[in-house]
Amino acid sequence: MHSHFSYPVSKLQQIASDILSHAKNGGASACETHVSDGFGQTVTVRKNEVETIEYNRDKGLSVTVYIGQKRGNASTSDFSPQAIHDTVTAALSIARHTAEDNCSGLADEALLARTFPDLDLYHPWELTVEEAIELARNCEEAAFAVDKRITNSEGASISIDESHFIYANSLGFMGGYPYSRHSISCVAIAEQQESKQRDYWYSVARDRGDLESVEYIGRKAGERTVARLGARQIATCEVPVLFEAPVASSLIGHFAAAVSGSNLYRKSSFLLNSAGQRIFSGDINIRELPHLPKGLASSVFDDEGVATAERSVVEGGVVKGYFLSSYSARKLGMQTTGNAGGVHNLIIDNGNPVDFDVMLKKMNKGLLVTELMGHGVNSVTGDYSRGASGYWVENGEICYPVEEITIAGNLKEMFADITAIGNDIVVRGSKQSGSILIDHMTIAGG
């Protein structure tokens, strides 16, 4: 194991075993635990000066015990034997005072992962603070070099993050692995007369070799910032809206939330009973690819030890499956989909992704959204209203930047009105999409 970790994997395994033993001796009928250890380093340079150097070490464990169908949970960041014993005791005490829930309990033993293929998720980055400072300076310099109107910055940052963990339960399951996540970011500020604008760019990957270069990130941040100078408002209208790839993935996030078990069994979703229904246009597919090598949301098993598997969540516009944990599945009378803890590399496509310029031509006249603000999404009704900024498009060409506008619609209608998906995927998290063109939305301007 990488020497930078505070504890070897054997120690995490021993802690997990001790927890299971304490729980059993304390009267638990079942138990599960998650033990993790990691570290990170972030260096930020602003205006060529070192602004922050952060170094963190994180460790923690959580314990969930079951006494029949009563559940108790406790956690600690102290790995001493006494603290571990006290944490298990606290979880048992909570369970004894909790009402029974016939849906609680460990995952079905038959669904637990049995094989553990290497998904190539761990790539240590041996980066000294001095080297990180140099990279950050080069990144910020690339932003300032774009245009003399870039007069300030919120800094360029280089971050590394490495962790490993063990999940174990009283059904005999024990598994875990190391993983890494590194990032480079830059925020530039430009000024023209009385107008100031900011924009940014960043890259994130498991492997430093898959990150965009610091020069590219700085230049991209600078170019995007300068392009926003002279932004204006537009009159209220109803036009096509093109969500640029970095913000388009949020639409996939809204879909995933709407068909997640917790929202479904609480009936707080606008997509209740949507399995088997056509929600998107007929050429839209959404796949979940949990075993994608180096994937930012890849995993052989979920937070309950349930084996993950590739599947079609949407096929031909029709919802084929939900995102369920064991608990939410039982509440709905269904089976877990291996999504305790979240989704695993959701990718949307329509079988014919097109270039960004082609999407602009197809839109002809409308709004290109490059930034969203606020959280005006009603999960029950699907009503969507968010602050936005971007660019006005005429005759398939970007004309000028716009700001201080609101875009509004209903997610169910928006999903059905997707008319094109771009091939310009930007991978930054668990949901991946190229730019998304929606046939029409209401734009509230000045």
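Tabulated data for the structure shown
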read-out	value
Residue among S36, S10, S77 that is touching a Gly at 6+ places or on another chain (Cβ under 8 Å), open to solvent by 60 Å² or more (accessible area, probe 1.4 Å) and at pLDDT 95 or above	S77
Subset of the stretch 114-129 (residues that are under 17 Å from L292 (Cα atoms), surrounded by fewer than 18 Cβ atoms within 10 Å (Cβ to Cβ) and touching a strand residue (DSSP E or B) at 6+ places or on another chain (Cβ under 9 Å))	T115, F116
Subset of the stretch 68-117 [under 18 Å from I166 (Cα atoms) and part of a strand (DSSP E or B)]	N73, A74, S75, T76, L112
Looking only at the stretch 182-207, and only at residues there that are charged (D, E, K, R) and surrounded by fewer than 18 Cβ atoms within 10 Å (Cβ to Cβ), the one that is farthest from V247 (Cα to Cα)	E194
Failed criterion for H4 (all others in (1) in a strand (DSSP E or B); (2) within 28 Å of the chain's Cα centre (by Cα); (3) surrounded by fewer than 17 Cβ atoms within 10 Å (Cβ to Cβ) hold)	(1)
Residue selected from the stretch 80-111 under the condition closer than 20 Å to F173 by Cβ and among the charged types (D, E, K, R), by the criterion surrounded by the most Cβ atoms within 10 Å (Cβ to Cβ)	D108
Residues within the stretch 250-280 that are crowded, with 18+ Cβ neighbours inside 10 Å, in contact (Cβ under 8 Å) with a residue 60 or more places away in the chain and either in contact with a Gly (Cβ under 7 Å, 6 or more places away or on another chain) or not in a helix (DSSP H, G or I) (or both), tallied	7
Top-ranked residue in the stretch 308-319 [being farther than 16 Å from S269 by Cβ and within 22 Å of the chain's Cα centre (by Cα); ranked as least open to solvent (accessible area, probe 1.4 Å)]	T308
Meets criteria (within 26 Å of Y177 (Cβ to Cβ), of a type in the set (D, E, K, R) and not in a helix (DSSP H, G or I)) for D18	no
Residue match in the stretch 328-339 (condition: open to solvent by 10 Å² or more (accessible area, probe 1.4 Å), of a type in the set (S, T, Y) and within 18 Å of the chain's Cα centre (by Cα))	no
Any hit, the stretch 330-346, residues being out of contact with any Phe, Trp or Tyr (no Cβ under 8 Å at 6 or more places or on another chain), farther than 30 Å from C103 by Cα and either among the β-branched types (V, I, T) or at pLDDT 95 or above (or both)	no
The one condition in (1) of a type in the set (D, E); (2) outside any strand (DSSP E or B); (3) open to solvent by 60 Å² or more (accessible area, probe 1.4 Å) that E404 fails to fulfil	(2)
Residue check, A143 in contact with a helix residue (DSSP H, G or I) (Cβ under 8 Å, 6 or more places away or on another chain), part of a helix (DSSP H, G or I) and either crowded, with 20+ Cβ neighbours inside 10 Å or not hydrophobic (A, V, I, L, M, F, W, C) (or both)	yes
The stretch 7-21 residues that are in contact (Cβ under 8 Å) with a residue 12 or more places away in the chain, paired with ones that are open to solvent by 60 Å² or more (accessible area, probe 1.4 Å) and not charged (D, E, K, R) (beta carbon under 6 Å, 6 or more apart)	V9/M1; L20/S170
Given (1) within 28 Å of the chain's Cα centre (by Cα); (2) over 20 Å from Y7 (Cβ atoms), number of the condition N102 does not satisfy	(1)
Members of the stretch 362-385 found to be open to solvent by 70 Å² or more (accessible area, probe 1.4 Å) and assigned to a loop (DSSP other than H, G, I, E, B), listed by number	N364, K365, H375, V380
In the stretch 95-133, the residues that are farther than 21 Å from G305 by Cβ and of a type in the set (V, I, T)	T98, T128, V129, I133
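For every residue, the table says whether it meets (1) under 18 Å from the mean Cα position of the chain (by Cα); (2) part of a helix (DSSP H, G or I); (3) without any contact (Cβ under 8 Å) to a residue 12 or more places away in the chain.
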| position | (1), (2), (3) |
| --- | --- |
| S185 | yes, no, no |
| A221 | no, yes, no |
| G230 | no, no, no |
| A235 | no, no, no |
| V239 | no, no, no |
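The values are calculated or read from the model by the stated rules, or taken from the named source; none is laboratory data. Bear in mind the structure is a predicted one, so any value in this text is a computation, not a measurement. FYI the Cβ positions are ideal-geometry reconstructions off the backbone, even for glycines, and counts take in every protein chain you see. Please note that ligands, DNA and RNA were not included when accessible areas were found on the heavy atoms of the full protein model with its side chains. Shrake-Rupley method; radii C 1.70, N 1.55, O 1.52, S 1.80 Å.
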